[in-house]
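Let me give you the structure first, and then I'll get to my questions.
The values are calculated or read from the model by the stated rules, or taken from the named source; none is laboratory data. Since the structure is predicted, the reported quantities are computational estimates derived from the model, not experimental observations. No Cβ is skipped: glycine too gets one built from the backbone with ideal geometry, and neighbour counts run over all protein chains shown. These accessible areas exclude ligands, DNA and RNA; they are computed on the full protein's heavy atoms, side chains included. Shrake-Rupley method; radii C 1.70, N 1.55, O 1.52, S 1.80 Å.
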Amino acid sequence: MAESMAGLKRSMRCAEVTEAEIGKKLTLMGWVAKTRNKGGIVFVDLRDRSGIMQLIFEDGTIDREGFERAGRLRAEYVIAVTGEICRRSGAVNENLTTGTMEMRVESLRVLSESETPPFPVEDGIKTKDELRLKYRYLDLRRPELQKNFFLRSRIAQITRQFFTENGFLEIETPDLIKSTPEGARDYLVPSRVHPGEFYALPQSPQLFKQLLMCSGFDRYIQIARCFRDEDLRADRQPEFTQIDMELSFVDIDDVIDVNERFLQKLFKETLNVDVELPIRRMTWQEAMDSYGSDKPDLRFDMKIKDVSDVVKNCGFGVFTGALANGGTVRVLNAKGAGQMPRKKIDKLTETAKTYGAKGLAYIAIQPDGSLKSSFTKFLTEEEISELLKAADGQPGDLLLFAADRNKVVWAALGALRLELGEELGLIDHSKFAFVWITEFPLLEWSDEENRFMAMHHPFTKPMEEDWEFIDTDPGRVRAEAYDIVLNGNEIGGGSVRIHRNDIQQKMLEVLGFTPEQAYSQFGFLLDAFKYGVPPHAGLAYGLDRLAMLIAGVDSIRDVIAFPKVKDASDLMCEAPSPVDEKQLSELGIGILPQEEE
């Protein structure tokens, strides 16, 4: 039966006990992790967020009733114990910081009993994710997960300290805002006092931080909650956290400088990793041409090469047909993989197809220099020789070719590069490879929308030397945008913003907004631009993704206390859920029955 802790005060947490406390009487509180009843002695591992302390209950040290109750303790009971800290009488446990000590318990109170948990509350469990998330409060008791949240908290502390020391003000922006649907879908919140009207939850504080620059605050920082109603992946959640910043009277170099120093401090203080400055910079075009991705993993060296000029007049119709349709032919050289079995090559082909490629062509160069190929019979000896030279093909190499539109070729070979990097053991997982990607296209064409869309957002400044092409060749205009990439993951991105009203209005026009639509959605920003706007720029990190990479875990869920699953639902509190008719009636909302497909 549960007891009160009245009169008891916890002395410290379990793993905060050091050898300096040997001989002292302490009171500890926590959860029962394990019990071992040896008859005349009961061993209990007591767990709290700091770690484990071994307890010993002996008949004689504790009264008879207390000893009997100790024998009935079960996993996840919450207890308070008072006793003397002693050196361990048995073997030292080198896996615990308290492994040289134990408490000889003199009094026991059971503060709360527990039913048998649906899974063991311990590290290394193989329990299905769905069950762990349904009982997330139990899952979060596990030390390996708790360690991630200590780290996440440390990241937030370092962030606030660094940016405060560098002249940034922490300012909160609103969570109930106007819907400006350009990009991912907004989450909408109906207003009771304005029937038929809605707030949106912010996808980012973008407009407000620009307005703060208009307000003269100069340097802003916020650890901000953001919301996007989009399809989920392993590293995405419908609600997430950004380290969000904006700076006035700066250019790209200023923003990169302060963020490089931030990353250097963050990785030194969390992982004792030295980030070498300056961090390498690479243009978007170079990243796509060489790695097939605007977030290249630079922990290994395997570059894509363009061989379009070499094969433009060859007899292989797949290559010449792609080139005739405005595409390219590119090759990936998997060094030393020339004897890869055909089944594995077929598997790589299937991977390429999931990225839109119609297939893969290959040349496997055998150790003796002979070739196994899917297409060389269509080429002359001279063309084969030139192709091998262009691809740096040596005996033992496997050359993989894709021919299609650039977008498809980049995506397919970029994905194969990552797959081969893992399969061939080329990736050093202890390495942290940073790179800035710069000079993104300002716009990208959307077949779905049949118009140009902003690659970042509509407030990104075009590069001045490209602005002349905005009407004649919009796709040619580059942006003063930049992403920071770590080990193939975009951890942050930003841009210099448009601060001239005429350019901002033109940008919205190019994106298909009429003046009326532009003013309807962004009028408060456009109005602010009439009253003196400083040149400004900003950047935002995904805090969750950054924490995931620093913690070295595979899923972003492991650094979010109460995450959603792939359909954006919460298995623990069963959200989203229906609401009663009274609530809907107050909001003036009716639910239409959905037609069955």
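Scan R236, R299 and give me the residue that is within 19 Å of the chain's Cα centre (by Cα) and over 29 Å from P174 (Cβ atoms).
Result of the check over R236, R299: R299.
Another question, if that's okay. Inspect all residues belonging to the stretch 16-35 and state whether any of them is part of a loop (DSSP other than H, G, I, E, B), among the hydroxyl-bearing types (S, T, Y), without any contact (Cβ under 8 Å) to a residue 60 or more places away in the chain and open to solvent by less than 70 Å² (accessible area, probe 1.4 Å).
yes
Name the residue that is most open to solvent (accessible area, probe 1.4 Å), counting only residues in the stretch 563-597 that are among the hydrophobic types (A, V, I, L, M, F, W, C) and free of Cβ contacts under 8 Å to residues at least 12 places away in the same chain.
This residue is L592.
So which strands (runs of 3 or more DSSP E) stay within the stretch 42-137 end to end and still have 2 or more residues that are surrounded by fewer than 17 Cβ atoms within 10 Å (Cβ to Cβ)?
Output list reads 78-87, 101-112.
From the list L398, L418, which residue is surrounded by fewer than 22 Cβ atoms within 10 Å (Cβ to Cβ) and hydrophobic (A, V, I, L, M, F, W, C)?
Matching residue, one of L398, L418: L418.
Quick check on my filter: what residues within the stretch 327-358 are more than 31 Å from the chain's Cα centre (by Cα), in a loop (DSSP other than H, G, I, E, B) and either hydroxyl-bearing (S, T, Y) or under 13 Å from A403 (Cα atoms) (or both)?
G327
Considering A403, A411, which residue is small (G, A, S), more than 30 Å from G523 (Cβ to Cβ) and out of contact with any helix residue (DSSP H, G or I) (no Cβ under 6 Å at 6 or more places or on another chain)?
Being small (G, A, S), more than 30 Å from G523 (Cβ to Cβ) and out of contact with any helix residue (DSSP H, G or I) (no Cβ under 6 Å at 6 or more places or on another chain) holds for just one of A403, A411, which is A411.
Here are A6, A2, A75, A15: which of them is at pLDDT below 95 and touching a Ser or Thr at 6+ places or on another chain (Cβ under 9 Å)?
A2
How do the pairs read when you match residues in the stretch 515-532 that are in contact (Cβ under 8 Å) with a residue 24 or more places away in the chain with residues anywhere that are open to solvent by less than 70 Å² (accessible area, probe 1.4 Å) and among the polar types (S, T, N, Q), using Cβ under 6 Å and keeping only pairs 6 or more apart or on different chains?
Q521/T180; F529/N501
Can you tell me which residue within the stretch 446-459, out of those that are outside any loop (DSSP other than H, G, I, E, B) and in contact (Cβ under 8 Å) with a residue 40 or more places away in the chain, is farthest from I256 (Cα to Cα)?
R451
Going through F529, F513, F524 one at a time, which residue ends up being in a loop (DSSP other than H, G, I, E, B) and under 21 Å from I177 (Cβ atoms)?
F513
Going through the stretch 461-510 one residue at a time, which ones are open to solvent by less than 20 Å² (accessible area, probe 1.4 Å), part of a strand (DSSP E or B) and over 30 Å from F267 (Cα atoms)?
P462 - this is the single residue of the stretch 461-510 that is open to solvent by less than 20 Å² (accessible area, probe 1.4 Å), part of a strand (DSSP E or B) and over 30 Å from F267 (Cα atoms).
Does the stretch 359-387 hold any residues that are surrounded by 13 or more Cβ atoms within 10 Å (Cβ to Cβ) and assigned to a loop (DSSP other than H, G, I, E, B), and which are they?
Answer for the stretch 359-387, where residues must be surrounded by 13 or more Cβ atoms within 10 Å (Cβ to Cβ) and assigned to a loop (DSSP other than H, G, I, E, B): G359, L360, Q366, S374, F375, L379.
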